[in-house]
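First comes the structure, then the notes that go with it.
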Amino acid sequence: MHDENGEEAFAAMEAKAQEAASQLLYELRQGSNEQLVLSNFERMSFQSKLTSRAAQLALQEASGVEKTILARGLKTHVEAVHWCET
């Protein structure tokens, strides 16, 4: 029974992550404010396990151009962290 609860919890988390990923890609595809979408993606990538999974799913489902846009947001984050550490 314990395994079933764990599986249900995992499935629920995966569904929430999928919903967040789909929403992010929808906003990107609708031409929403790209900077806001990138900011949301960056936040999602590092905020929690759930949002990190959502960011992973968004990257998996994104087209080549969309992946490039999203990666640009992460590149900016990594550069900022690197700059702060030096």
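The values are calculated or read from the model by the stated rules, or taken from the named source; none is laboratory data. No experiment lies behind these values; they were computed from the predicted model shown. Methodologically, a virtual Cβ is constructed for each residue, glycine included, from the backbone with ideal geometry; neighbour enumeration extends over all protein chains shown.
Restricting to the range 5-28, count the residues that are of a type in the set (Asp, Glu) and under 12 Å from ALA58 (Cα atoms).
If we filter the range 5-28 for residues that are of a type in the set (Asp, Glu), which is where we start, we get 7-8, 14, 19, 27.
After this cut, where a residue has to be under 12 Å from ALA58 (Cα atoms) as well, the list is 19, 27.
Residues meeting the conditions: 2.
Counting only residues that are in contact (Cβ under 8 Å) with a residue 40 or more places away in the chain and farther than 18 Å from ALA71 by Cα, which one in the range 10-53 is nearest to the chain's Cα centre (by Cα)? Please lay out each step first, then the result.
If we filter the range 10-53 for residues that are in contact (Cβ under 8 Å) with a residue 40 or more places away in the chain, which is where we start, we get 13, 17, 21, 25, 28, 53.
Now narrow it down to the ones that are farther than 18 Å from ALA71 by Cα: 13, 17.
On the way: MET13: 14, ALA17: 8 Å.
Of everything passing the filter in the range 10-53, ALA17 is nearest to the chain's Cα centre (by Cα).
Quick grid of which residues meet (1) touching an Asp or Glu at 6+ places or on another chain (Cβ under 6 Å); (2) surrounded by 11 or more Cβ atoms within 10 Å (Cβ to Cβ); (3) hydroxyl-bearing (Ser, Thr, Tyr); (4) at pLDDT 95 or above:
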{"residue": "PHE10", "(1), (2), (3), (4)": "no, no, no, no"}
{"residue": "LYS16", "(1), (2), (3), (4)": "no, yes, no, yes"}
{"residue": "ALA21", "(1), (2), (3), (4)": "no, yes, no, yes"}
{"residue": "VAL37", "(1), (2), (3), (4)": "yes, yes, no, no"}
{"residue": "ASN40", "(1), (2), (3), (4)": "no, yes, no, no"}
{"residue": "PHE46", "(1), (2), (3), (4)": "no, yes, no, no"}
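I'm trying to understand the selection: among the residues of the range 32-73, which are part of a loop (DSSP other than H, G, I, E, B) and polar (S, T, N, Q)? Spell out the reasoning first.
We begin by selecting, within the range 32-73, every residue part of a loop (DSSP other than H, G, I, E, B); these are 32-33, 48, 62-63.
SER32, ASN33, SER48, SER63 - these are the residues of the range 32-73 that are part of a loop (DSSP other than H, G, I, E, B) and polar (S, T, N, Q).
Please go through the range 53-70 and pick out each residue that is crowded, with 17+ Cβ neighbours inside 10 Å and of a type in the set (Gly, Ala, Ser).
ALA54, ALA55, ALA58, ALA62
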